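Below is one structure, written out as structure tokens; the observations come after it.
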Amino acid sequence: MFTIKHEKEFIFIEKKSKFITRTKFIKSENDAATFIKCIKESEKGAVHNCYALRLFDKNRKMVIEKKSDDGEPSGTAGNPMLAVLSGDNIVNILAVTTRYFGGIKLGTGGLVSAYKKGVSEAVKLSEIIEFIDFEIVAVKIPVNEVKHFEYLLSKENIKTIEKVFGIDIIFKIELNVLKQVIFEKIVNQINGRII
């Protein structure tokens, strides 16, 4: 699976209609809904704001896909947009294409081609990278091991999100699932405990 490194937009004109395709990295369907709402509010003169999204659900170990033609003829916008994303196996992405109608009808083939082109070009600009799933892990560390623990984390490029001080210190860690075994060894080495 892959995802995007940058959020980008690609603008082009097709038979006087203006198409603006934007990519957005998302972690939830709520992220997608918020972004779509923002686009609709900022692009008030647009006739259509079509979208496609693919989201990896780590709990169910599956990819959620959604799409919308937003008033375009059925199957001419959302389907071709989603086909680009699924064809490249991109997840945690939302692509929204805004269309300003230029007065010339494109026909179903022209619409499919335009929406596919917008997403393809925007994705190229966004730079596809390998998708690595992260999870937040809490770990309890003895006070006398904190510096050693932080050193071992930095050596493995594991990111600390938060530290809570008490009798023991609780670290909240953003853990790449591919580094889970290494992380568990570090925790055992310093007599910590994942909570």
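If I ask for residues that are closer than 24 Å to Lys24 by Cβ, out of contact with any Phe, Trp or Tyr (no Cβ under 8 Å at 6 or more places or on another chain) and among the hydroxyl-bearing types (Ser, Thr, Tyr), which ones from the stretch 101-127 would you list?
If the condition is that a residue be closer than 24 Å to Lys24 by Cβ, out of contact with any Phe, Trp or Tyr (no Cβ under 8 Å at 6 or more places or on another chain) and among the hydroxyl-bearing types (Ser, Thr, Tyr), then Ser113, Ser120, Ser126 are the ones that fit.
Identify all residues within the stretch 1-32 that are under 21 Å from Thr76 (Cα atoms) and not in a strand (DSSP E or B); write none if there are none.
Once the filter is applied, which keeps residues that are under 21 Å from Thr76 (Cα atoms) and not in a strand (DSSP E or B), the stretch 1-32 yields Lys15, Lys16, Ala32.
Just give me the residues in the stretch 102-143 being aliphatic (A, V, I, L, M) and either under 13 Å from Ile20 (Cα atoms) or part of a helix (DSSP H, G or I) (or both), in sequence order.
Leu111, Val112, Ala114, Val119, Ala122, Val123, Leu125, Val143, listed by residue number.
Which residues, counting only those in the stretch 84-101, are more than 17 Å from His6 (Cα to Cα) and in a loop (DSSP other than H, G, I, E, B)?
Once the filter is applied, which keeps residues that are more than 17 Å from His6 (Cα to Cα) and in a loop (DSSP other than H, G, I, E, B), the stretch 84-101 yields only Phe101.
Check Pro80 against each of (1) assigned to a helix (DSSP H, G or I); (2) touching a strand residue (DSSP E or B) at 6+ places or on another chain (Cβ under 8 Å) and name the one condition it does not meet.
With respect to (1) assigned to a helix (DSSP H, G or I); (2) touching a strand residue (DSSP E or B) at 6+ places or on another chain (Cβ under 8 Å), Pro80 is out only on (2).
Which residue pairs have Cβ atoms under 9 Å apart, sit 6 or more places apart or on different chains, and have a first residue in the stretch 59-79 that is surrounded by fewer than 11 Cβ atoms within 10 Å (Cβ to Cβ) and a second that is of a type outside the set (Ser, Thr, Tyr)?
These pairs meet every condition: Met62/Phe56.
Here, each number is a calculation from the coordinates, and none is a lab measurement. Note that the structure is predicted; figures quoted are calculated from it, not measured. FYI the Cβ positions are ideal-geometry reconstructions off the backbone, even for glycines, and counts take in every protein chain you see.
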